[in-house]
1. Does at least one position in segment 300-323 carry a residue that is within 30 Å of residue 82 (Cβ to Cβ), at pLDDT below 95, in contact with a Gly (Cβ under 8 Å, 6 or more places away or on another chain) and among the small types (Gly, Ala, Ser)?
2. Could you give me the residue pairs with C-beta distances under 9 Å whose first residue belongs to segment 206-225 and is small (Gly, Ala, Ser), whose second residue is part of a loop (DSSP other than H, G, I, E, B) and within 16 Å of ligand 2 (Cβ to nearest atom) wherever it lies, and which are 6+ apart or on separate chains?
3. So, in segment 65-78, how many residues would count as being over 22 Å from residue 47 (Cβ atoms) and either within 16 Å of ligand 2 (Cβ to nearest atom) or in a strand (DSSP E or B) (or both)?
4. Report the residue count in segment 82-92 for those that are more than 18 Å from residue 125 (Cβ to Cβ) and either more than 8 Å from ligand 1 (Cβ to nearest atom) or open to solvent by 30 Å² or more (accessible area, probe 1.4 Å) (or both).
5. Looking at segment 256-276, can you tell me whether even one residue there is more than 26 Å from residue 208 (Cβ to Cβ) and of a type outside the set (Val, Ile, Thr)?
6. Looking at this structure, is residue 360 farther than 20 Å from residue 243 by Cα, aliphatic (A, V, I, L, M) and open to solvent by less than 60 Å² (accessible area, probe 1.4 Å)?
7. Tell me the helices (runs of 4 or more DSSP H) entirely within segment 95-205 that contain at least 2 residues that are open to solvent by 20 Å² or more (accessible area, probe 1.4 Å) and of a type in the set (D, E, K, R).
8. Looking at (1) open to solvent by less than 10 Å² (accessible area, probe 1.4 Å); (2) within 16 Å of ligand 1 (Cβ to nearest atom); (3) among the β-branched types (Val, Ile, Thr), which is the only condition residue 237 fails?
Amino acid sequence: MSSVVNDPQLNSEQPNTPADGEAKLSVQNLWKIFGKRAERIIGGEHERRPREEVREATGCTIAVRDVSFDVRPGETFVVMGLSGSGKSTLIRCLTRLIEPTSGSLLLDGEDIRQMSPAALRELRRRKAAMVFQHFGLLPNRTIIDNVAYGLEVRGASKAERHARASEMIEMVGLSGYESSRPGQLSGGMQQRVGLARALAVDPEVLLFDEPFSALDPLIRRDMQNEVLRLQNELRKTSVFITHDLDEALKLGDRIAIMRDGDLVQVGTAEEVVGAPADDYVRDFVSDVARIEVLTLRSLMRPARDDEPLDGPEAAPSTLAGEAVAAAAGATAPVRVTEDGRLLGVVGREDLLRVIAEDRAQAPAATAGV
Ligand SMILES: Nc1ncnc2c1ncn2[C@@H]1O[C@H](COP(=O)(O)OP(=O)(O)OP(=O)(O)O)[C@@H](O)[C@H]1O
Ligand SMILES: [Mg+2]
């Protein structure tokens, strides 16, 4: 057993891409171009040109350009990027709220792009529920009727939908507010209603488009914790869009970073922070304390002949920051082991180097943005 506890929230052990056939949701070569005769851009001379240039030359906006990724069952897949980078367009394309220009979308292997209007309605009602930034609640309905809305559309009886809605209201901590109206609730509470409404239909996939960006920082943190708790309990496959790197690191099993419609990097927090694909990504993660994100797996090295091997033991998924206390109290390096096998060691000097680099990068900050 490891002597240092791993942070289960980071899930940094997961490989970068799922094995074949393992995807819950598979997005391949997805394009969305706004404008007249948008499809002529794909395969044409402007295909890879910068978005602004394409807009000037053709009047078309490439919102999502040739994006591919797979989301595993139960995974929270975060999409980040600056304003206008194509995040909302991407997530709306997933259920064809926005019709993609090209590409393939598979849910459990089923082709979303081939679905009939009736099948699409089913998809949106039962399989993929969306939580929006501005809550999207019906102001004249009570909280319980808002939460039950998806079930009503589906034709469930009043007793059935109220039973389910009450359960969801309790789950998000809003018991007692069943008969209130949305306007009587704070922003954070309204977003809990939005969450309960999405969960009420027991969807297979949850789609979040910046659900917490309108909330105060403290309430936002509560909501993030709520989502983490629910994800631990329910393990829904989720796509979560955010501007906020802290939120991405906290919630995402993997993080995808978009710039001007392109997907520039997909990886675990550790991969994105430890090896940014380009300057744009490096800029995004520059304030992150790497000691809080990197794991011993990425820091370990073979033991030197002259090193004692009686140091504390830790799992490879242990965060560097969590190993600091153990390393500080020992003269021998931390032994990184898995199933009783020694994989490598991490010495005090290795951890200090990460701390020194963090300080050099962001002298005033210790973590996050
Ligand atoms: N209906 C539309 N018609 C034309 N252009 C659009 C349309 N919707 C979005 N765009 C353009 O597509 C690009 C991507 O927009 P999108 O809303 O997906 O970005 P975003 O990453 O969600 O931004 P934000 O963080 O501000 O929500 C932008 O350049 C935007 O102007
Ligand atoms: Mg958006």
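The values are calculated or read from the model by the stated rules, or taken from the named source; none is laboratory data. Computed from a prediction, not measured in an experiment: that's the story for all the values here. Glycine gets a Cβ as well: all are built from the backbone with ideal geometry, and neighbour counts include every protein chain shown. Heavy atoms of the whole protein, side chains included, go into the accessibility calculation; ligands, DNA and RNA do not. Shrake-Rupley method; radii C 1.70, N 1.55, O 1.52, S 1.80 Å.
1. Within segment 300-323, not a single residue is within 30 Å of residue 82 (Cβ to Cβ), at pLDDT below 95, in contact with a Gly (Cβ under 8 Å, 6 or more places away or on another chain) and among the small types (Gly, Ala, Ser).
2. Note: pairs meeting the criteria are 213/133; 213/243; 213/244; 214/133; 214/134; 214/135.
3. Just the residues of segment 65-78 that are over 22 Å from residue 47 (Cβ atoms), to begin with: 70-78.
From what's left, either within 16 Å of ligand 2 (Cβ to nearest atom) or in a strand (DSSP E or B) (or both): 70-71, 76-78.
Total meeting the criteria: 5.
4. Step one: filter segment 82-92 for residues more than 18 Å from residue 125 (Cβ to Cβ), giving 82-90.
Applying the additional criterion that residues be either more than 8 Å from ligand 1 (Cβ to nearest atom) or open to solvent by 30 Å² or more (accessible area, probe 1.4 Å) (or both) yields 82-84, 88.
Count: 4.
5. Quick first cut of segment 256-276, residues more than 26 Å from residue 208 (Cβ to Cβ) only: 275.
Cutting the leftovers down to of a type outside the set (Val, Ile, Thr) gives us 275.
Yes; the residues of segment 256-276 include at least one that is more than 26 Å from residue 208 (Cβ to Cβ) and of a type outside the set (Val, Ile, Thr).
6. Details: farther than 20 Å from residue 243 by Cα: yes; aliphatic (A, V, I, L, M): yes; open to solvent by less than 60 Å² (accessible area, probe 1.4 Å): no.
So residue 360 fails the test.
7. Numbers: elements: 117-122, 143-147, 149-153, 158-171, 187-200.
Fully inside segment 95-205 and qualifying: 117-122, 158-171, 187-200.
8. (2)
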